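Take a look at the following structure, please.
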Ligand SMILES: NC(=O)c1ccc[n+]([C@@H]2O[C@H](COP(=O)([O-])OP(=O)(O)OC[C@H]3O[C@@H](n4cnc5c(N)ncnc54)[C@H](OP(=O)(O)O)[C@@H]3O)[C@@H](O)[C@H]2O)c1
């Protein structure tokens, strides 16, 4: 996908990986819309870009249901959509408040699924577009203490791999980004949490050398490069590649089994 002149939306673009992605797309000539809840942070990011911002709480159904239309209205069209906004958990599932689990599923799963669906409505008739899903290594391997989070990222990864088969031949690209720990506020919250259930497992992984911290720039450069070259996956650090290949193997087998099949373009009937 050509980035110069592209219209890009980054959810969770006010901080961390999302803010880094917004800046990197803008540096390559894209017009970027950043979306999150905190207006002053969004403003600070958008002021440094060729871009704009929209305030939305993606745990709120109305905000989710109207977001793609608001972005298209402001940008004219959308070439690249990045589902990056996400939250984590840091206790055992049994100790995690129900409302925190509900908010996590709404943001990490429901909003990402619905926004993907809505932006496809816009991209399919144009026959082009690219969607980035910010998953995690926790979507491929289990992490005690991050159970709801890991489940949400596995859901996003698997959803995207099914969707990839539906979108074959449509001109829409999909990239799943699965980083290990990245130096952002999210990772600081995990390391600083008073309740250190998650850290027991994470300390062991660290001791085994499984958890080198990535800087935001590394994830950002790999992600932007993957969109430019229409790559399916960003998997960092590379030492996790084997886990990702193993967890993705059944999906690749199904993809091979479906070679040559043609699915009806039923979205053309529903949109006419
Ligand atoms: N950091 C890591 O170690 C790591 C590793 C693998 C994957 N990831 C994934 O990478 C993505 C970004 O993480 P990060 O580390 O950059 O996190 P972060 O620094 O905490 O930033 C999260 C972003 O999401 C926004 N956000 C949070 N709740 C929201 C809501 N309800 N509605 C709209 N926006 C919301 C935040 O802005 P507001 O609070 O202003 O809304 C912020 O812009 C997440 O999906 C995360 O799961 C992170």
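What follows is calculated from the coordinates using simple rules that are stated; it is not laboratory data. This is a predicted model, so every value here is computed, not measured.
Tell me the Rg and the Dmax, in Å, that the Cα atoms of the range 1-142 produce.
Just the Cα atoms of the range 1-142 yield Rg and Dmax of 15.1, 48 Å.
I would also like to ask the following. If each residue of separation counts as 0.36 nm, what is the full-extension length gain between residue 117 and residue 252 once their alpha-carbon separation is subtracted?
Stretched fully, the residue 117-residue 252 segment lengthens by 46.3 nm.
Report the Cα centroid-to-centroid distance between the range 6-67 and the range 180-203 in angstrom, as an integer.
25
Can you give me the P(r) profile for the range 7-271? Cα pairs, bins 5 angstrom wide beginning at 0, each as a whole percent.
1, 6, 13, 17, 20, 18, 13, 8, 4, 1, 0
Identify which of 260, 20, 12 has the largest mean-square fluctuation in a Gaussian network model of the chain, with springs joining Cα atoms closer than 10 Å.
Between 260, 20, 12, it is 260 that shows the largest mean-square fluctuation.
So, one more: Report the Rg/Rh value for the range 145-272, based on alpha-carbon coordinates and the Kirkwood definition of Rh.
Using only Cα positions, Rg/Rh for the range 145-272 is 1.05.
Report, in whole Å, the centroid distance computed from the Cα atoms of the range 102-152 and the range 68-84.
16
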